Amino acid sequence: MGQPVREYLLTLCVTAAVTYLLTGPVRKFAMMAGAVPEIRARDVHREPTPRLGGIAMFGGLCAGLLVAAHLQNLKGVFELSNEPRALLSGAGLIWLLGVLDDKFGVDALVKLGGQMIAAGVMVLQGLTILWIPVPGVGTVALTPMQGTLLTVALVVLTINAVNFVDGLDGLAAGMVCIASAAFFMYAYRIWFGYGIEAAAPATLFAAILMGMCLGFLPHNMHPARIFMGDSGSMLIGLVLAAGAISITGQVDPDAMRLFAGSERAAVHGTVPVYIPLLLPLTVVMVPVADLILAIVRRTWNGQSPFAADRGHLHHRLLEIGHSHSRAVLIMYFWSGLIAFGAVAYSVNSASMWIVLLIVLLSAVGLVLLLLPRFTPRAPLWAQRLVPPRYRRRAFLELTARKRAAKAAAAAGGPGAGAQARTAAEGAPGAEAEAERDPVPSGVNGATAVGDRSRFTHTRKISSHR
């Protein structure tokens, strides 16, 4: 049991390492190529930031597939199935489309057509939905046309859901990483636990997707040094959809033999198991909900469903007072709760403790959501224990005055001692002011969405160096 896990971990680590190492050179390339768009009205970052992070993520995907093809327990996936090649073909097309969009800009309808073509390429190579389990009916076999339409719709929906949620630093990569981790746990359980080889490609896709996101996150966390752009968001959305299609539409529920009796009883009994993977809506519920709300909102206002605005869930979190980092962590929390809660329910749907735990964590999430301006206050003596970027401004000023006083005392001269004491004491009530001073608005993106005039003096990054 341990050996396949080690090989998956090796594949994950190689993917993450390649993605991480490529992101730095890709950032320099993006700046030289001029892929640094100016700040738009709906953006929340302060300075122009290069895109094209999807180039590094695609490099990690290729490296992960290459390593897995030479591992003892994983090379059988490439020998017995054409799905990895189908994934690579579709990913290459969607990645190329995203690179062109990041650099030159592509019309929304053209991108939609490219997404459908990429999904069609995967279908032609065998990565498609063959049947779906329906409660009370049984396993419903799909015709080639039905399977193709359902596969294309699922791929397009997942790609745009991930693309829509890519609005804050580290948000899309972190949420997809959480979803892929839950996906990996379930897919590995089906493959190794029940001996169903058809689940092996989905398990590999989930491990590689985790590596792509983990390798890119250090460069993309707030404040981000590079954005993944459409070349990255559409890429990870396609990989996530490919894994869901592989295991949902090609693994026969009756092959698990969890329940005796008729096929209808078997499918009905295994429905809780297939809740996380019947559609990827459960593991990407937050971006899908954001996508649906955005379409309804824009259509209601007489706009195109593809028109950009500032009404996404992460924008609303900022508007009610959450900081940039706190908004991202809240979205992480809800994504993890939905994804891992669904996986836990699939393992033991009869356990009431799982339901109670999910309800309790949901209540905690609502409390965090309704306390946007709550800021933990560390005492003055504990300020030295936190990183400098999180220290309070008054404490930093007080520390600077003390250093200046020590420097003046070391310089010597008449009256140096008195000047040092005066500088160290500072203004009356300095320590009390340090206790009352809140976290500065500029630290860690704590400023919510306000007047955009604060962004007018940002320095543009030159593309000629």
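Within a Cβ distance under 10 Å of VAL77, other residues only, what is the Lys/Arg minus Asp/Glu net charge?
Residues near VAL77 contribute -2 overall.
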Taking Rh as the Kirkwood radius computed over alpha-carbon pairs of segment 42-132 and applying Stokes-Einstein at 4 °C with viscosity 1.567 mPa s, one gets a diffusion coefficient in µm² s⁻¹ of 85
Taking only protein heavy atoms and a 1.4 Å probe, the highest-to-lowest accessible-area order of MET210, MET145 is MET145, MET210
Output for segment 28-121: chymotrypsin sites (Phe, Trp or Tyr not before Pro) sitting in coil per DSSP, at most 15 other Cβ within 10 Å, listed by number, reads PHE104
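The values are calculated or read from the model by the stated rules, or taken from the named source; none is laboratory data. Since we're looking at a predicted model, the values are computed, not measured. Here the Cβ is made from the backbone with ideal geometry for all residues, glycine too, and neighbour counts use every protein chain on show. When the accessible area is computed, the model is the full protein with side chains, heavy atoms only, and any ligands, DNA or RNA have been set aside. Shrake-Rupley method; radii C 1.70, N 1.55, O 1.52, S 1.80 Å.
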